[in-house]
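Just below is one structure, and these are the notes that go with it.
The values are calculated or read from the model by the stated rules, or taken from the named source; none is laboratory data. These numbers come from a predicted model, not from an experiment. Positions of Cβ are backbone-derived with ideal geometry, glycine not excepted, and every protein chain shown enters the neighbour counts. Remember, those area values only see protein heavy atoms, side chains included, never the ligands or the DNA or RNA. Shrake-Rupley method; radii C 1.70, N 1.55, O 1.52, S 1.80 Å.
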Amino acid sequence: MRIGDNGNAAPSSTGLGGSYRLGVGAMAVALRSIGCRTNQEEAAALRAEFLSLGYSVVDDIEKADVVVVNTCSVTLHAESKTRRFIRSLSSAAPAAKILVTGCFAQQHGVLIQKYPGVEWVVGNADKHRIPSIIAASGSGAYLSDIDTGSPVFWSDNVTDPTASGRTRFSLKIQEGCDFRCAYCVVPMLRGPSRSAPKGRLVDTFKKAVDKGYKEIVLTGTHIGQYSQFIGGDCISAVELTDDAAVAEFNVNQCGRSQSGEQKGGLEALLTEFLKVGGDYRIRLSSVDPRDLTDTLMAMVGENPRVCDHLHVSVQSMCAEVLSRMDRPYGDLDLLTERLRGFREKYPAAGLGADFVVGHPGESDAMFEATLRGVGAVGFTYGHVFRYSKRLGTKSAKMPGQIAESVKKRRSAALLELLRKSRENFLSLLFACPLYIIVESEGPVVGVSGNYIRVEVPGVMATRNTWMRVVVTGERRGGYCVAERLPRSGLKAGCIPQKTETVYE
Ligand code: SF4
C-alpha cells in the first residue's frame with residue numbers, strides 16, 4: 001500500500017518514509033477536516049492509512065492521543081473558522097498532541113506552531129508523511145515547497161462501505177492547479193497540477209466497486225487538468241512571475257501540454273473507468289468551463305453509468321468581470337449557448353455552478369449581465385460566494401473593492417434567481433423516476449444521479465442499495481419528498497431521460 005504517488009519517487013520506496021507498524025491500539029488518532037471535498041477525501045485516505053498501520057481511529061477527540069486537522073484557507077471566513085477550531089482543541093482535548101495540515105498550514109505554518117497544543121505543522125506536499133512524522137514523535141514543521149514533482153496525496157486503500165460509514169467513494173485523481181485566477185490562493189497552497197497514475201487509479205476504482213460502493217466521485221483541485229502526462233511535460237502558471245505571461249498562459253495553455261496535445265485527460269480516464277464491470281455510477285466533482293469538452297458533456301448527458309450531473313465553476317457570466325478574474329473563457333456567448341444547449345438536450349440532467357459576486361471592479365451593470373447569463377442557461381442549482389480578499393492575490397491589490405453590503409445584496413439576488421430556476425427544474429420531474437442510493441434507513445434519504453437530495457418517508461430499505469423513486473413536490477428541510485416506485489416502467493408525461501437499465 002503506498003500513499004502519495006504521482007509516479008514521482010515518493011520520499012521512500014514505501015511512500016511513507018519507511019514502513020512501520022505500531023502495536024495495535026498503541027495510539028488513538030482523531031481526524032477533523034475543514035473545507036472542500038478534496039480535504040474530506042484526504043482525511044478519509046489518512047483514516048484508512050492509520051487503520052492499516054495499527055493505529056486506532058476515534059471520533060471523540062477527548063479519547064485521542066493525536067488530533068489531525070486538515071485545514072482550509074480558501075476564504076477569510078474559512079481561515080477564521082480554522083483558527084477558532086485549532087484554538088478550541090487545546091481545551092477540548094488538553095492531553096492530545098495536535099497536528100495541523102492542509103492549506104491553512106501551508107499558508108500560515110510558522111504562526112500555527114505557536115498555538116497551544118500544536119506539536120506538528122505539515123504542509124500539503126508532506127501530507128503523505130503524516131503517519132511517519134507522528135511515529136517519529138519529534139515535534140516540528142514540515143513545509144516543503146510544492147512543484148510539479150511533489151507527490152499527489154491520494155490513497156489506494158479502500159475501506160468497505162460498512163466500515164467507512166459512507167455510500168460514496170471519493171477517488172482523488174489530481175491535485176493542484178496550473179491556472180492562476182486573480183482572486184485565488186489555491187495554486188500557491190496546492191501547487192501546480194499533478195495527476196495520480198492512471199493504472200493505479202483504475203485498480204483503486206475496481207477495488208471500490210468490488211467492495212460495494214455504488215457511486216464513485218472523481219475529486220481533485222482541478223479535475224479537468226487531469227493529464228496522462230506524468231511529471232515534467234506540463235508547464236504551469238505557478239512558475240510564471242510576470243502578470244502578462246500569466247494572462248497569456250491562461251489563454252493559450254488551457255489544458256494543453258507543451259507538445260500541444262489536446263485536453264481530454266479526464267475523458268480518457270473516465271473511459272478507462274467505464275470499462276470496469278459492476279453495479280456503480282460515476283459522479284464528477286466540479287469542472288472548469290475551460291475543460292468542458294463536447295465529449296465530456298455527452299458522456300454526462302448520455303452514458304448510463306455517469307451521473308447526469310454537471311457542476312461547472314463558472315464564477316461570473318460577465319466578460320469584463322471574467323477578464324479581471326484572469327478567467328478568459330474565449331467566447332462567453334458560446335459558453336452560455338453550450339450550457340443552455342446541455343439543459344435543452346438533457347432536460348432531466350442536473351447542471352449546477354459556482355459563482356463569485358462582488359469581485360473588485362464589478363459594477364451593477366456587470367452584475368446584471370451575470371444575472372441575464374444565469375437566466376439564459378437555467379441552472380438547476382448554484383452556490384454563490386461573496387468575493388473574499390486573499391493576501392498575495394492580484395485581486396487583493398485591485399481598485400474598486402466592493403462593500404460587503406453590496407456583496408450581500410448581489411448574493412441574495414443571484415440566490416433568488418437560482419432558487420426559481422431550481423423550482424422550475426424540479427417541477428419538470430414530478431413524473432420521472434430517479435435512482436437514489438440509500439444513505440440512511442430511518443427515514444430513507446439519498447441523492448439522485450441528477451443531484452437531488454430526496455427523503456422517502458414511510459418505507460424501509462437497506463443502506464447502500466438502489467431505490468427507484470419519484471419526487472412529489474413536497475419539501476422537508478433541504479430534501480425533496482419522494483415516493484418509492486416499482487422497479488420499472490415510466491409514468492406518463494416523463495421528460496426524456498437517460499436509459500435506466502443499469503440500476504435494475
Ligand atoms: S482554476 Fe482558478 S479558481 Fe480554480 S483552483 Fe485554479 S486558480 Fe483557483
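Quick one: if the Förster radius is 45 Å, what FRET efficiency do GLN401 and SER440 give, using the C-beta to C-beta distance and rounding to 0.05?
0.55
Can you tell me the length gained on complete extension of the stretch VAL57 to ALA92, counting 0.36 nm per residue apart and subtracting the Cα distance?
10.9 nm
Report, by chain and number, residues whose modeled amide H sits under 5 Å from the one on TYR226, excluding near sequence neighbours (fewer than 5 apart, same chain).
Residues meeting the amide H criterion: LEU266.
Using θ = phi - 60° and the Karplus form 6.51 cos²θ - 1.76 cosθ + 1.60, what ³J(HN,Hα) does each residue of the stretch 32-37 get, whole Hz, x for Gly and Pro?
Karplus values, whole Hz, x for Gly and Pro: 10, 10, 10, x, 6, 4.
Quick one: pull the percent of accessible area on the stretch 28-142 belonging to carbon and sulfur, 1.4 Å probe, ligands and nucleic acids left out.
53 percent
Quick one: ranking LYS114, LYS394 by accessible area, 1.4 Å probe, largest first, what do you get?
Correct descending sequence by accessible area is LYS114, LYS394.
Calculate what fraction, in whole %, of the accessible area of the stretch 356-425 sits on carbon and sulfur atoms when a 1.4 Å probe is rolled over the protein chains.
Answer for the stretch 356-425 is 60 percent, counting heavy atoms of protein chains only.
Consider a paramagnetic label point 7 Å from the Cα of ARG475 along Cα→Cβ; state which residues of the stretch 369-388 have an amide N under 17 Å from it.
Under 17 Å, as judged by backbone N against the label point of ARG475, lie 379-384 of the stretch 369-388.
Quote to one decimal, in nm, the extra length available between GLU302 and ARG372 on full extension: 0.36 nm per residue of separation minus the C-alpha distance between them.
Result: 22.4 nm gained on full extension.
Which residues does a label at SER144 reach in the stretch 155-186, if reach means a backbone N under 18 Å from a point 7 Å past the Cα toward the Cβ?
155-156, 174-177
Determine how large the accessible area of CYS103 is when every protein chain is in place; take a 1.4 Å probe and give Å² rounded to the nearest 10.
20 Å²
Do the alpha carbons of any pairs in LYS81/LYS420; LYS127/LYS198; LYS207/LYS345; LYS81/LYS172; LYS198/LYS389 sit beyond 28 Å of each other, and which pairs?
Where the Cα-Cα span goes over 28 Å, the pairs concerned are LYS81/LYS420; LYS207/LYS345; LYS198/LYS389.
For the stretch 258-414, report the accessible area per residue in Å² (1.4 Å probe, heavy atoms, rounded to an integer).
38 Å²
Label points 7 Å out from Cα along the Cβ direction at ARG463 and TYR115: separation in nm?
3.0 nm
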